[in-house]
Amino acid sequence: EKIKSVNTIVFAIPQNKKNHELEKFLKKKNFLYHKGSEKNVLQRYYFTAKKYQLDIIIRITSDCPLIDPYLCEKMLQCFIKEKCNYLSNILKRTYPVGLDCEIFDFKTLKESYKLTNNKFNLEHVTPYMRKSKLFKKINYTNDTNSHGSQRWTLDYPEDLKFIKIAFEEFGAFSFFSWKKLYKLYKIKFKFHQFPNKKYI
């Protein structure tokens with residue numbers, strides 16, 4: 001909701017028993033949501049976007065709680081200006097893992113849904129967009145490449161250490177830029193790199 005140009009926020013959640021409590025929470029808060037396939041996440045995204053008639057989709061995953069809305073806004077404006085089909089900061093990583101933001105239009109989502117049945121592509125939503133020559137793609141890069149190996153995401157127990165420190169420092173529901181996070185990271189971890197992990 002802090003991304004200035006966004007006018008619709010939708011939770012695309014798996015349709016299973018494990019997410020029953022999440023669905024109850026979303027209903028209570030009057031948040032928009034759509035339930036779909038747990039494994040075919042591309043299908044879930046497609047039907048969510050179709051249901052709410054979304055023109056441009058910004059994909060932010062739940063394992064990225066330290067996302068920077070100002071960065072996302074800049075990327076969205078670049079996407080609109082360049083009239084591309086897909087834009088992200090993950091084609092070549094120059095931002096820390098955990099600031100992942102992918103932007104694509106509904107037509108590209110629809111074409112991807114229709115043209116691929118590869119299990120990997122269906123589960124991870126955007127690999128087909130990234131690899132296909134049908135689409136115009138842009139990688140949104142940082143001024144320096146020195147941040148791409150840092151982990152600010154939430155997949156492993158060690159990841160939680162930095163996220164807890166960040167929330168204690170800035171407040172879990174406050175806005176704080178990724179540059180402030182980077183300064184905090186340098187102080188707390190002294191450029192320590194967590195073990196290499198494989199990223200999608």
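The values are calculated or read from the model by the stated rules, or taken from the named source; none is laboratory data. Note that the structure is predicted; figures quoted are calculated from it, not measured. Here Cβ is always computed from backbone atoms with ideal geometry, including for glycine, and neighbour counts include all displayed protein chains. These accessible areas exclude ligands, DNA and RNA; they are computed on the full protein's heavy atoms, side chains included. Shrake-Rupley method; radii C 1.70, N 1.55, O 1.52, S 1.80 Å.
Closer than 18 Å to Ala166 by Cα, β-branched (Val, Ile, Thr) and assigned to a loop (DSSP other than H, G, I, E, B): is that true of Ile67 in this structure? Taking the combined requirement at face value, the residue satisfies it. Does Glu111 fit the bill of being closer than 25 Å to Phe47 by Cα, open to solvent by 60 Å² or more (accessible area, probe 1.4 Å) and under 15 Å from the mean Cα position of the chain (by Cα)? It is false that Glu111 is closer than 25 Å to Phe47 by Cα, open to solvent by 60 Å² or more (accessible area, probe 1.4 Å) and under 15 Å from the mean Cα position of the chain (by Cα). Checking each residue in the range 148-165 for being within 18 Å of Glu102 (Cα to Cα) and either part of a loop (DSSP other than H, G, I, E, B) or without any contact (Cβ under 8 Å) to a residue 12 or more places away in the chain (or both) picks out Gly148, Trp152, Thr153, Leu154.
Looking at the range 47-64, which of its residues are among the polar types (S, T, N, Q) and assigned to a loop (DSSP other than H, G, I, E, B)? Passing the criteria: Gln53, Thr61, Ser62.
Among the residues of the range 70-91, those identified as in contact with a strand residue (DSSP E or B) (Cβ under 9 Å, 6 or more places away or on another chain) and either part of a helix (DSSP H, G or I) or hydroxyl-bearing (Ser, Thr, Tyr) (or both) are Cys72, Met75, Leu76, Cys78, Phe79, Ile80, Glu82, Tyr86, Ser88.
Within the range 34-49, can you find the residues that are without any contact (Cβ under 8 Å) to a residue 24 or more places away in the chain and either buried (at least 18 other Cβ atoms within 10 Å of the Cβ) or not aromatic (Phe, Trp, Tyr) (or both)? So that I can check it myself, show each step before the final result.
The initial filter retains those residues of the range 34-49 that are without any contact (Cβ under 8 Å) to a residue 24 or more places away in the chain, namely 35, 37, 47.
Passing the criteria: Lys35, Ser37.
The criterion of being among the polar types (S, T, N, Q), open to solvent by less than 70 Å² (accessible area, probe 1.4 Å), modelled with pLDDT under 95 and not in a strand (DSSP E or B) holds for Thr94. Tally time: how many residues in the range 106-144 are closer than 20 Å to Glu82 by Cα and assigned to a loop (DSSP other than H, G, I, E, B)? Within the range 106-144, residues that are closer than 20 Å to Glu82 by Cα and assigned to a loop (DSSP other than H, G, I, E, B) number 10.
When you check Ile103 against the structure, is it in a strand (DSSP E or B) and touching a helix residue (DSSP H, G or I) at 6+ places or on another chain (Cβ under 6 Å), yes or no? Taking the combined requirement at face value, the residue satisfies it. Annotation note: Cβ proximity below 6 Å between a residue of the range 124-143 that is of a type in the set (D, E, K, R) and a residue that is in a strand (DSSP E or B) (sequence gap 6+ or interchain) occurs for Lys137/Tyr86.
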